[in-house]
Structure formats: structure tokens, C-alpha cells
Amino acid sequence: MPLTHTRWITAVLASLMIFPIFIGLIGTLLPAFQFLPPIGEYQFSLTPWVNLFSNQEFYSSLKLTLVTGIVAPLISLWFALSLVVWGHDKRFFRTIESLLSPILAVPHAAIAIGLLFLLSPSGWLVRLFSPWLTGFERPPNWITVQDPYGLSLVFALAIKEMPYLLFVILAALKGLKVKESLQVGQSLGYGRFTLWRKVLIPQIYPLIRLPIFIVVAFSLTVVDLALVIGPNTPSTLAVTLYRWFNNPDLSLRLMASAGAIFLMLVIALVLVGWETIHRVFSRITRAERGNGKRRGLTDGLLHLGAYLSIVTLASAFVALLVLPIWALAKRWRFPDALPSKWTWDNIERAKPLLFELTSNTLSIALLSTIIACAVSLVMLETKRISYQKSPSTSNNHVFDWLIYIPILLPQIGFLFGLHVLLIYLDLNGNFYTIVALHIMYVLPYVYLTLKGPYLAYNEDYLLEANRLKYHPWRHYLVVKLAMLRPALLTAFAMGFSVSVAQYLPTLIAGEGRYSTLTTEAVARAASGDRKQVGSMALLQALFPVLVFWLAQYIPSRWTKWRLTLICFFSKDKQCSE
Amino acid sequence: MKKTFAAASIATALLCTSLNSQAAWQDTLSEASGQTVYFNAWGGSDNINNYIMWAADRIKAEYNVTLKHVKLTDTADAVNRVLAEKAANKNDNGSVDLIWINGENFRSMKNNQLLHGPFSQGLPNFSQYVDENARQSLSQDFGTPVEGMESPWGMAQVVFMHDTETLESPPKSIANLLTYAKANPGRITYPEPPQFLGSTFLKQALYELTNNKEALSQPVDTVDFNKVTAPLWGYLDDLHSVAWRNGQRFPSGSEEMIRLLDDQEIDIAFSFDVSSATVQINEGNLPESVRTYVFDGGTIGNTHFLAIPYNSGVKAGAEVVANFFLSPEAQVEKQKPAVWGDLSVLSYDKLTAKDKAKFEALPKGIATLSIEELGKSLPEPHSSWVDALEKEWRSRYAK
């Protein structure tokens, strides 16, 4: 990028990002020490912490959170890696890849509701086999979903996280010499699975470390998914905190704030623990990886993971398939395998508001994603230059970590503080504030998606172009960005779907005065009515799925279209050939 | 003679005050004209949302006030917003102008001085049509004195729904409910406290089970909580062992219970909305064989209200809206089974003959009970009980 002072621009951008987070944190930290003027608390004290640590539910919630929040990312990672190892060179893998986007695009709550319907004792699976096989005239009193151990929550998390990890692994693979490594290794007699484990996965891991951290933080803090499909006696810590924050007894907020701070510490500890264990583990296994054995015990594990991941993906799809059926259902009772009465009413009902909701959703998402893309490009350029100057200090830039803070923090704790700040600055209830808050959540994903391809770009093309004729800006656009088009579009699609799915930030910045498809869908989902959820989830997923599809469809055809257009307007002879 | 004189002077006094208040109301009306009122109300139900849209059109036409519905998933969201505004010293032009509220949220906003008022007694339709003594819940919102800080909107009472095809004669008391659950394991449950319907179930059970009913009207810290509530916990321990999902998971509220009833996972669903069975049958969410009933000893009833936050910038507009919602026109519309079916808060005796006829002419939903069938509603225990019951429940069953 022919921009000068990129370092300064990046520093300014980063501090702009950090300021609200910092204030938001203070807004949570003060009440955690009993300071909350609006309810008449002006005295600092440790009472909220004492209350928190003497609360029985806190401990049981914490235990549940730790189990689900650590097991879910482990399983997701295992599944995602296994699937790549097993299938990356198979032809149908391309299909699986393109099927990922709907899962990435659909909001969590919708998938959870679909899954709940699929697996509950009165759900689709049991309905399909009842009563002819099972003999059930009525649903059995089984505990399947919402089990007290959180197994179904782990499964739901894995369904949502595995595709994301798969997505980033595939992106990371593009920068590695996979084919060559495999060829060399296999000619030495190594088994394919063993090769992946000994050679490729250790190379992939550093590239996807951050996405893994995001997934871990997400599993530890998720609210909407856990509300639907998690247990409630007790719930996970994030849900328990959410309940305390929303409790009419405003003094519970103090304890809730202390809990939110505690949850942040838990996230930090878990991440540190995760990284430490990974380092220790890779040191211990170093000898084993170099022992020259051509096969290993983990081959079976990877095989199993691959099969299980197919099952997971399949259930995700069936869960998604249920939603459009519900959207068109009038009556659908146990044990009918399909609705007994159909109707358009559910979709009709959404109609009157559709225009307003759609235009709000699209303008917020487009604006915030475009800005996030531009900011990411500037930040990546800074990073590239610093790489160029001193390749040895290839460690992550401070900003690399800072921009992830919003998605690593539990939303409910720090958004209240942020809201107070917005009101102070008189920026609340404003369209641009919503966009700004969305950027905070969109930027990390866009940046992360773009980072690998952007830094792997061979700068020589750009240098060559500029040597031929010095047009730095023009060439940056038509040579470098044009060559990065697939990555840019994918990053855009990712950011777009993140923006569309934002609920709390939209509500808090917009004060409920700007409705989007998501705020409407969540408000209607409050009733838990599957027909309404089905129809709203369809509308909500429509644009992200479309954008993801376009991001895959356009790049391969762009040049052809462009040339056709050029030929259409010019009467160049060459075209007809 | 003396009597006549006294009556005359009272009449004159009343006339004067009413003239005064009429003038004051005229001021409110002219101030309200052109204002936009952001009405924060739960948005989970289409028919209620549509009713609010209908009201918005009428209010715009009649008073030139624009009513915008901010759909909430939880009333606490709006309470939080007002709280954040107070934290930031934004003491006027707040984002919430009118809020649909009752119970705990009301108590919390009132106690933390987050409400504007008293205003409800000043509304013309309130003084004309509402009799605060008609029901305890009109002056005591879940045990918290209302004192004019919120204006009544509708009445609710706990009702039970059952499918006559699977369950012909449902259990009509707390004790029989347990007997039924023991005979049919896994088919009975109740919403998870502190969800308000779940807490109400605890109060209902406590009322029927305790042998010290008088204690319930006292503040909870003045009585022996453990002794009074011991029968309740014994009962729940028994119930949970034969409850839906073995008492390890509880539904999130009335909506989930209705869904479970339709899925035939459970046999009895609860609601605070007396017409919900009819509405849900019409929407295809329940079979036509579902009917509503109440317990023989009566069930707990309550009233839901509209309140105005202390920092609303359009209090006049909000009062006009609250007043419109108290008009016979709006209350009749609200009580239509196909619209919402929510019970009127107006005192029947105070209505004009014409309005009485309109209420009489309302069609009755196929699964809605009449006022007589609803029977007497039980008194709420003192407001301090809710919190104590919820805390005890969570420490026993949610750990």
C-alpha cells in the first residue's frame, strides 16, 4: 500500500478501538467493588466478591462452564483436523467446503433451536421412527437435550465451531506446501495420517492459534446457545451472570459484575493453560515425532474423528432443514413426521416490517464490513512493512492482540459500562454508533481471515508493475487487491455475517430504536415459537448465505465477465478469437 | 336538609376539582401533540404486537402522538437502559418513554426512583372507569403499593391448560397435582423460578400447603421462613422425582410449556394469560381439544401496568398513551379473543350502558373461561416473599 505513516494510522485506529473497551471494563470493574451510584452505592467494598464466593450456584455454574468450555473446543478442533486430514484431497471435499457457509451464516440461536427440535424426546428423530418402530404414541420421558451434564450443549457448540475451525484450517493450508510434504513423506513410506500429525498439524497450529482462542473464549461465554440447549439447574456461568444482570433486584448487579470480572480471569487462565499444555505436549512428543516410525496410534483417532465430524455436519444440516419446514407449518404434532397442515401465514406476518428491517440490516452490515476491510488492509500493511524490515521479529504486533479483546471478553459484562459511556458522550441511539460497535466485532474476524493470504502475497508482482510504470495506488488496487480478490471477498462475507448476527451491540447502541432482522428474530424467538423462529431465521440467514455464496462464485468467473464486458464495448478483433 | 347541603357541596367540590383537572388534562393534550413516544414492551407475541400497532394508529389520529413499539425480549432490558442513563446522569430525554411492567421490575424501578409519577390518578379515564378497590392487584402490584406510579393496563390470572383427549379430568389442587404426577411420571412440570410464572407457582403451592397462611401477609423476615415453607420443599422434593425430565430441567416459561403440551411431552401447561389457549389453538400451536381450568381453591391473579421512566422527555405524550389504553374502546379491543383476549381493568359498574353492551357482545374463545368460571383470585403474599422463595429454590435445586 503506497500509504505513508501506516504505523501512525494503525496506532490511532488501535487506540480508537481500545478506548471504548477500556471504559467498558471500568464500567464493570467499579460495580464489582460495590460502586454503582444510580442505585445509591458509593462505598467501595469487597462485598460483591464475598457474596459471589458464598453463592452455591456460582460454583456449580463455574464447574459446568469449565467442562463445556474446554471440551467443546477440543472436540471441535479434533473433528476439524480429522476431516481435513481424511478428506482434503478427495473430490467431494470441495462440496463440503461450500456447504460450510450456511452453517457459518446461520445465527447460533437458530441452529440451537433446530437441534433442540431434532434431538428432543418429542423431536424429529423420534417422530420419524414413531409409532411404527418405537411404539411411542407419546414422547418418552428421556433426557436427551438440555441434559444436566451439558453434553448436548457441547455438541451444539461443536456444530457451530467445527465449521469455523475447518474454514480457518483450509485458509491456513493455502500458505503451506501440503501436497509436496505429503509426496515427500509418502515416498519415504510414511502413512498419510501419520504424516499429517508429525509434519503438517504442527505447522498448522501456530497459524490457527488465535481462531482456537476465539473458539475457547466463545465456548466459555456463550449465552444464547446455552439458554436454548444448555442445562438450567444450574446453567453455565455466562447464563447465570446474564440472569443476575437482568434480575429486577438491581443490587444483584454488583455480584454479577464481580462474576463477569471473574469470568474474564477464567478465560485468561484457560487460554494460558491451553497454550502451556500445548507447549509441554509438543515438547514431550517431539522425540516421538522424530522417531521415524511410519505409523502411529493417533491414526485411528483421526479416522474416528473424521467419521464423527461427518455425523456432526450432517446433524447440523438436518437441524437447518427443520427451520424452513417449521416456517411453513400450521400444525405439526407428535408423532407426525411432517406437518399435517401447511401455511404461508408465518412468513406473511413478517412482511409489514420487512423493508425497514432489511434496509437497516444491510446498511449497517455493508458499512461496518467495508470499513473493517479497509482498516484491516491498513493494519496488515503495517505488519507487512515491519516484517520486511526485520523478518526476525516476526512475533505478533501488539495490535494483533488488542483487536481480539472485544470477542474474547464476555459481552454482557462490558457492554453495560460501554452503554454508560455512550450516553455520556451523547452518542447513544445513533446509526453510526451501531456501525462503530459492529466494527469492533467484525474487525477481528475480517482481519484474521485476511491476514494469512495478505502476508503470503508475493510482493514482486506489485514491484514489477510499478517498475514498468509508476502508479502505486492504481497498481495496489488492480494488481495486488485484484489478486487477493478471493481472500478479500471471503473476509467480507465473514464480516458481513458477523455483523448481521449481532444482537446485544445493536440493541445497546441503537437503544432498540433501530431494528434489524436479528433484533426482530431474537425478540420473536422470546416466545420460543418454532414457526416464528423458523421464518425469522430464514430471513436472517438469507443475506449472509447469499454473500458467502457470491464470495465463492464471483472470483472464479470475474475475469471472464470482465473480458466479456470489455469486448462488448470495444470492437477489438482479438475478442472474437 | 343538612344531607342535601352536604351532598351539594361535595358535588360542587367534585365539579371544581374535575374542572381543574380537565384544564390540566387539556394542557397535557396540547403538550403531547406532535410528540413521539417510545413504548418498550415485550415483543414475543404477534397478536399483542398487532394490537399495539392498532393503538398507535388510533392515537396518531386522535391525539397526534406517534407511538413506536420497541420490542423487548425481556423487560429487564429497558430497566437496564434507564439505569445506565441514570448512571450517566442523563436525567432527561431518556430513551424509554413508556414501559410495560409489573411485579419485580416495578418494585425495583420504584424503589430506585427510576419512575415518573404519581400520574395514574390524574388520567381522566382512570378516575372515570377504574375502581382501585375492585381487586387487590390494582393497588398492590405483587405486594408493592402502586401509589399512582403506574397505570393499569390489563388483568391476568393463573390458568391451567390440558388436552381433553389425553387428560379428561385434570387435578384441581396442588395436592392432587402430585398424586397425578406420581401416577403419570414425567408429565408434570412448572417454569423455572425466578421466571415470574414459576415463582407464582411456588406461591400458589405454598398458599395451599402451609399451615400458617397468616404468615404470608407479613414481611418474610418477621416470620420463621423455614418453618412456614417446610411443607413446600417437601412437596417439591416429591414432585421433582416424578416430574418431567426427572426435575433436572424446567421449562423457561409459559410459551415453552404450551409447546411441550402440544408435543405431548407434558399434560398440563400454565399461563397468566386467560385467553392463551384460545389464541394458541387459532394459531395452530395447540390442538382444538385443549381446554382451560383453574384450581378449586382459586388461583393467583395479577394486573399488568404501564409506567413512565423518570427521565422520559415526552411525559405528556406517554400519559396520553396510557390514558388511551384505559379507554373503553382500547380495553374492548384488547379483550377480543382474536386480538389478545386480555381482561379489562375497567370497573364494569362505572361503564356507560353503551360500553357495557360492547363488553357483553364480545365473543368468547372456545377455550377461554368466563369471569365467573375464573372464580376468586388468591391474594398475593407480601412482596418480600418472592425473593426469599426464589433464592431458596435456586439454592436447593439449581446447584
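Bear in mind these aren't lab numbers, they're just calculated from the coordinates by the rules spelled out. Since the model is a prediction, treat every value here as computed from it, not as a measurement. Cβ: placed from backbone, ideal geometry, glycine included. Neighbour counts: every protein chain shown.
Expressed per residue, the C-alpha convex hull volume of chain B stands at 162 Å³. For the range B:346-353, backbone phi angles converted through the Karplus equation (6.51, -1.76, 1.60; θ = phi - 60°) give residue-by-residue couplings of 7, 7, 4, 5, 7, 6, 6, 4 Hz, Gly and Pro being listed as x. Aspartates and glutamates within cross-link reach of B:K376: Cα-Cα under 14 Å, excluding same-chain residues under 8 positions apart? Cα-Cα hits under 14 Å: B:D296.
Residues B:S120, B:S95, arranged from fewest to most other Cβ atoms within 10 angstrom of their Cβ, appear as B:S95, B:S120. At 20 °C and a viscosity of 1.002 mPa s, what translational diffusion coefficient does Stokes-Einstein give for the protein assembly as shown, taking Rh as the Kirkwood radius over Cα pairs? Give it in µm²/s as a whole number. Reported coefficient: 70 µm²/s.
Remark: the range A:347-445 carries a charge dipole of roughly 240 debye about the Cα centre, counting +1 on each Lys and Arg Cβ and -1 on each Asp and Glu Cβ.
Can you tell me the relative contact order of chain B? Whole percent, Cα pairs under 8 Å, sequence separation 6 or more.
26 percent
Placing a label point 7 Å from the Cα of A:F129 along the Cα-to-Cβ direction, the residues of the range A:327-355 with a backbone N closer than 19 Å are A:334-338. Starting from the Cα gyration tensor of chain A, take the square roots of the eigenvalues, sort them a ≥ b ≥ c, and report rounded, prolate or oblate (rounded when a/c is under 1.5, otherwise prolate if a/b is larger than b/c, else oblate). Here chain A falls in the rounded category. Across the range A:72-206, Cα pairs under 8 Å and at least six residues apart give a relative contact order of 33 percent. Simple point charges give the picture: +1 on the Cβ of Lys and Arg, -1 on the Cβ of Asp and Glu, and for the protein assembly as shown a dipole about the Cα centre of about 4480 debye.
With θ taken as phi - 60° and the coefficients 6.51, -1.76 and 1.60, list the Karplus ³J(HN,Hα) couplings across the range A:490-507 in order, rounded to whole Hz; mark glycine and proline as x. Listing the rounded values in order: 5, 4, 4, 4, 4, x, 4, 6, 5, 5, 4, 7, 5, 10, 4, x, 5, 5 Hz. Based on DSSP H segments of at least four residues, each scored -39500 (n - 2.57), chain A has a per-residue ellipticity at 222 nm of -24000 deg cm²/dmol.
For the range A:399-521, the Kirkwood hydrodynamic radius comes to 16.6 Å, computed from all pairs of different C-alpha atoms.
Cα-based Rg of the range A:182-292 per 2.2 N^0.38 Å, rounded to two decimals?
1.59
Partners of A:K560 within straight-line reach, counting lysines whose Cα lies under 30 Å from its Cα and excluding those fewer than 8 residues away in the same chain: A:K90, A:K174, A:K177, A:K179, A:K451, A:K469, A:K480, A:K571, A:K573. For the range A:264-332, the convex hull drawn through the C-alpha positions has a volume of 146 cubic angstrom per residue. Shielding value for A:327-334 is 3, the average number of Cβ atoms from other chains within 10 Å of each residue's Cβ. For chain B, a Gaussian network of Cα nodes joined below 10 Å ranks B:L369, B:L351, B:L138 by mean-square fluctuation, and the top entry is B:L351. Proximity of backbone amide H atoms, modeled 1.01 Å from N, is registered between B:V65 and B:G34, B:K60 at under 5 Å, excluding neighbours fewer than 5 places apart on the same chain. Between 0 and 90 degrees, the angle of helix B:2-32 with respect to the longest Cα principal axis of chain B falls at about 90 degrees.
Rounded to the nearest angstrom and listed largest first, the equivalent-ellipsoid semi-axes of the range B:120-186 from its Cα gyration tensor are 40, 13, 9. Taking one quarter of the surface of the convex hull spanned by the alpha-carbon atoms of the range B:44-182 gives a direction-averaged projected area of 12.5 nm². So what is the 222 nm mean residue ellipticity for chain B from helices alone, if each DSSP H run of at least 4 adds -39500 (n - 2.57) and you divide by all residues, rounding to the nearest 500 deg cm²/dmol? Estimated from H runs of four or more residues: -14000 deg cm²/dmol. Sequentially through the range A:274-282, phi angles give Karplus couplings (6.51, -1.76, 1.60; θ = phi - 60°) of 4, 5, 4, 4, 4, 5, 4, 4, 6 Hz, Gly and Pro residues having no value and appearing as x. For A:E41, nonlocal amide neighbours, meaning residues 5 or more places apart or on other chains whose placed amide H falls under 5 Å from its own, are A:L36. List the pairs from B:K86/B:K334; B:K203/B:K350; A:K160/A:K198; B:K182/B:K203; B:K68/B:K358 whose alpha-carbon separation is above 30 Å, in the order I gave them. With Cα atoms farther than 30 Å apart: B:K86/B:K334; B:K203/B:K350. Kirkwood analysis of the Cα pair distances in the range A:1-73 returns a hydrodynamic radius of 16.2 Å.
From Cα pairs below 8 angstrom and at least 6 apart in sequence, can you work out the relative contact order of the range A:246-367, rounded to a whole percent? Value for the range A:246-367: 10 percent.
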